[in-house]
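Asker: Take this structure, written in structure tokens, and hold onto it; I'll ask about it next.
No value in this document is a laboratory result; all are computed from the given coordinates. Because the structure is a prediction, the values reported are computed rather than measured. When we count neighbours, we look across all protein chains shown, and the Cβ atoms used for this are built from the backbone with ideal geometry, even at glycine.
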Amino acid sequence: MITVDSLTKTYGGFTAVDDVSFTARSGRVTGFLGPNGAGKSTTMRIMVGLTPATSGTAHVSGRRFADLPNPGLEVGVLLDASAQHAGRTGREILTIAQRTMGLPARRVEEMLEMVSLTADEAGRRVSNYSLGMRQRLGIATALLGDPEVLILDEPANGLDPAGIRWMRDLLRGYADQGGTVLLSSHLLHEIEVIADDLVVIGQGRIVAQGTKTELLAAAGTLVRTPDLPTLARALVDADVEFTRTSDALRVEADPDLVGRLALAAGVPLTELRAGDGAGLEEMFLELTADTQRDDISEGAAA
Amino acid sequence: MTTLTLEHEHENERAHRDDLLVARSAPAPIPMSRIVAVELRKSFDTRSGFWLLASVGILATLATAATILFAPDSEITYMTFGTAIGVPMAIILPVIAILSVTSEWSQRTGLTSFTLVPHRARVVNAKLAVAVGVGVVSMLLALGIGALGNLLGAAIVGVDPVWDVAAADLVGLLLFQIVNMLIGFMLGVLFRNSAGAIVGYFVYSFVLGTLTEVLSATQDWFERIQPWIDFNYTQGSLTEMSAMTAENWAQLGVTGLVWLVLPLAVGLRAVLRSEVK
């Protein structure tokens, strides 16, 4: 379990992490979601003691990271797969970690096999690795000590689709065995398929958190009809809020209510469903709208 | 409820897992000896690290061979060999010390090193121990190669080998190089950047050393105070340690405090507190 409590980090006048609190529970995959520069990496670095917090605390398995006697056996950390000595071979990098943790040497071969790095690849220097191979090596390092908690910053970066699928299954299995997985991403689709819980961060502040189901429910209903004006009028009359896209409405109510209103208004529907999928993305853009760099106006609204 | 059953299942799996992990349910702290061993390995296991260490032997051999080839017969003494070997050592050993520290930042391996061992002071102490250890072994090796060269040179020239270096001066020579390594280490923690620290070392030891030499040769006032402010100068007196007076030691202590210990303390403080990115 990871507990983050009122974490704040300021650089001069700039607040990179602003009063962030959340819990990543065991047996679940917690997705840490936010646009670039939202404070995800800083928060993760504070968790593992690489960056001192201005105020607030972070505990892993009930203790401060620095108080863990042999952290590698309790917390697997992958913050940046490129942060490896380019002159070492992949196997050597794992061997250093294995020796530091005091594990048997066979763990290195086991991990290489687990992340599908061949003996030939493991013997190459990391400067010749693709980002995907570095990512696999980083995951191997994180899993080496068979820890109960995983903290991974953008682990899917550079992986090909098969690699992403592989990692998703790996992390899912890990959480199903009771492990705690915290992974960050700026890619919604990646996190949507794997996370049980979501923590959404923008400009250092948490803008939403909860189970994926809860957050998806908040994404409303998508409805399509050939007769948009009539349905829109019915929704306005019923005091239900909605936004209009080119050929559909996204309604801030559940599908049941929208269906009834459409029936009462006598409007034929071509589609009616919970606004998931694209919904989470819209939620994400919406939640981070005032806190992101690019101005994405809600073009279709009204 | 599904959540309940799920949690129940998790507990079962958890218990199973705990059974498997019972031997290391409370991990023992990482012993210092292990960190030192890992740091030692890290100074050999890259191409640059390997060749830097190998060059200790290679350059000591080259310096010895050059002395046999080019030194006049009357100069075939152990002192000549010791001096010839000292020059490349004064360049390589500090660079080894510098890179052991700065690569954690320049190559960003600190992200892993300082999360596997979250107490940076332990990692840095281990690096210091390794640097001093490598320095001592390297110098013993180099002086050994020099001794062989002296025997060989004397045999070629056809004279009795001359051992004109007092035991105390051998120790002094060793200390001289260890101080060089510490200077490298200090610049490493201060700059935390490979190129910066290496350039810093050459400025510190060679440029500054030459400047103060010129200054003391031309300015009387500087020559008078030099023993109390010039660390290169006082460090040099170590090479003739048998002749060092109590005052010389005091001068070495004062200059060493200002030029080595204080900046080292500033650098260590920065290492312990800075952000590792």
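Asker: Can you tally the net charge around B:ARG47? Count Lys and Arg as +1, Asp and Glu as -1, for every other residue whose Cβ sits under 10 Å from the Cβ of B:ARG47.
Answerer: Details: positive: A:ARG88, A:ARG125; negative: B:ASP45.
With Lys, Arg at +1 and Asp, Glu at -1, the neighbours total +1.
Asker: Separate question: Using the basic label-point model (7 angstrom from Cα toward the beta carbon), what is the B:GLU75 to A:LEU187 distance in nanometres?
Answerer: Placing both labels 7 Å along Cα→Cβ, they lie 6.6 nm apart.
Asker: Under 8 Å for C-alpha pairs, at least 6 residues apart: give me the relative contact order for chain B, rounded to a whole percent. Intermediate results must be reported in sequence, preceding the final value.
Answerer: Working: 291 pairs, mean separation 59.3, N = 277.
Once normalised by length, the contact order is 21 percent.
Asker: Moving on to the next point. Based on the Cβ-Cβ distance from B:ALA129 to A:ARG165, what FRET efficiency comes out when R0 is 51 Å, to the nearest 0.05? Working shown, then result.
Answerer: Numbers: r = 46 Å, r/R0 = 0.90.
E between B:ALA129 and A:ARG165, to the nearest 0.05, is 0.65.
Asker: Once both labels are modelled 7 Å past Cα along the beta-carbon direction, what's the A:SER130-B:GLU275 spacing in nm?
Answerer: 3.3 nm
Asker: Then there is this: Where the centroid of each part is defined by its Cα atoms, how far is the stretch A:156-194 from the stretch A:198-234 in Å?
Answerer: Comparing the Cα centres of the stretch A:156-194 and the stretch A:198-234, I get a distance of 23 Å.
Asker: Please list, by residue number, every one of the GluC sites (Glu not before Pro) in the stretch A:179-268 that is coil in DSSP and has at most 12 other beta-carbon atoms within 10 Å. Walk me through the numbers on the way to the answer.
Answerer: Values: sites: A:GLU190, A:GLU192, A:GLU214, A:GLU241, A:GLU252; in loops: A:GLU241, A:GLU252.
Passing sites in the stretch A:179-268 are A:GLU241.
Asker: For a label point 7 angstrom out from the Cα of B:ALA195 toward its Cβ, which stretches of the stretch B:91-106 have the backbone nitrogen within less than 19 Å?
Answerer: Taking a point 7 Å out along Cα→Cβ of B:ALA195, the residues of the stretch B:91-106 whose backbone N falls under 19 Å are B:95-96, B:98-106.
Asker: Given a Förster distance of 45 angstrom, what is the FRET efficiency for B:MET32 paired with A:ALA274, based on the Cβ-Cβ distance and rounded to 0.05? If you can, show how the numbers build up before the last one.
Answerer: On the way: r = 57 Å, r/R0 = 1.28.
Plugging the Cβ-Cβ distance into 1/(1 + (r/R0)^6) gives 0.20.
Asker: Of the residues B:THR46, B:THR64, B:THR80, which exhibits the maximal mean-square fluctuation in a Gaussian network model of chain B defined by a 10 Å Cα contact cut-off?
Answerer: Largest GNM mean-square fluctuation: B:THR46.
Asker: Can you sort A:ARG107, B:ARG47, A:ARG45 so the residue with the fewest Cβ neighbours within 10 Å comes first? Show your work: numbers first, answer last.
Answerer: On the way: A:ARG107 20, B:ARG47 12, A:ARG45 25.
The most exposed by this proxy come first: B:ARG47, A:ARG107, A:ARG45.
Asker: For A:GLU252 and A:HIS59 in one chain, what is 0.36 nm times their gap in residues minus the Cα-Cα distance, to one decimal in nm?
Answerer: Working: separation 193, 0.36 × 193 = 69.48 nm, distance 3.71 nm.
Result: 65.8 nm gained on full extension.
Asker: Set the Förster radius R0 to 35 Å, insert the Cβ-Cβ distance between B:GLU247 and B:ALA65 as r into 1/(1 + (r/R0)^6), and round the FRET efficiency to 0.05. Spell out each step's value before the answer.
Answerer: Working: r = 39 Å, r/R0 = 1.13.
So, using R0 = 35 Å, E works out to roughly 0.35.
Asker: Just to confirm a number: summing +1 for Lys and Arg and -1 for Asp and Glu over residues other than A:MET167 whose beta-carbon lies under 10 angstrom from that of A:MET167, what do you get? Don't skip to the end; give the middle numbers.
Answerer: Values: positive: A:ARG136, A:ARG165, A:ARG168, A:ARG172; negative: A:ASP169, A:GLU190.
Surrounding charge for A:MET167 is +2.
Asker: Okay, next question. Give me the distance between the Cα centres of the stretch A:69-133 and the stretch B:234-248, rounded to whole Å.
Answerer: 48 Å
Asker: Here's another thing I want to ask about it. Post the alpha-carbon centroid distance, the stretch B:167-232 to the stretch A:2-48, in whole angstrom.
Answerer: Computed from Cα coordinates, the inter-centre distance equals 45 Å.
Asker: A further question follows. Count of lysine pairs in the protein assembly as shown with Cα atoms under 23 Å apart, counting only pairs 8 or more residues apart in sequence or on different chains?
Answerer: Total qualifying Lys-Lys pairs in the protein assembly as shown comes to 7.
Asker: Per residue of the protein assembly as shown, what 222 nm ellipticity follows from adding -39500 (n - 2.57) for every DSSP H run with n ≥ 4, rounded to the nearest 500?
Answerer: Numbers: 24 runs with 316 residues, N = 579.
Calculated mean residue ellipticity at 222 nm is -17500 deg cm²/dmol.
Asker: For labels at A:ARG233 and A:ASP19 in the simple 7 Å Cα→Cβ model, what's the distance in nm?
Answerer: If labels sit at A:ARG233 and A:ASP19, their model points lie 4.6 nm apart.
Asker: Trypsin sites (Lys or Arg not before Pro) within the stretch A:117-226: which are DSSP loop residues with at most 16 other Cβ atoms inside 10 Å? If you can, show how the numbers build up before the last one.
Answerer: Numbers: sites: A:ARG124, A:ARG125, A:ARG134, A:ARG136, A:ARG165, A:ARG168, A:ARG172, A:ARG205, A:LYS212, A:ARG224; in loops: A:ARG124.
Within the stretch A:117-226, the qualifying trypsin sites (Lys or Arg not before Pro) (loop, at most 16 other Cβ atoms within 10 Å) are A:ARG124.
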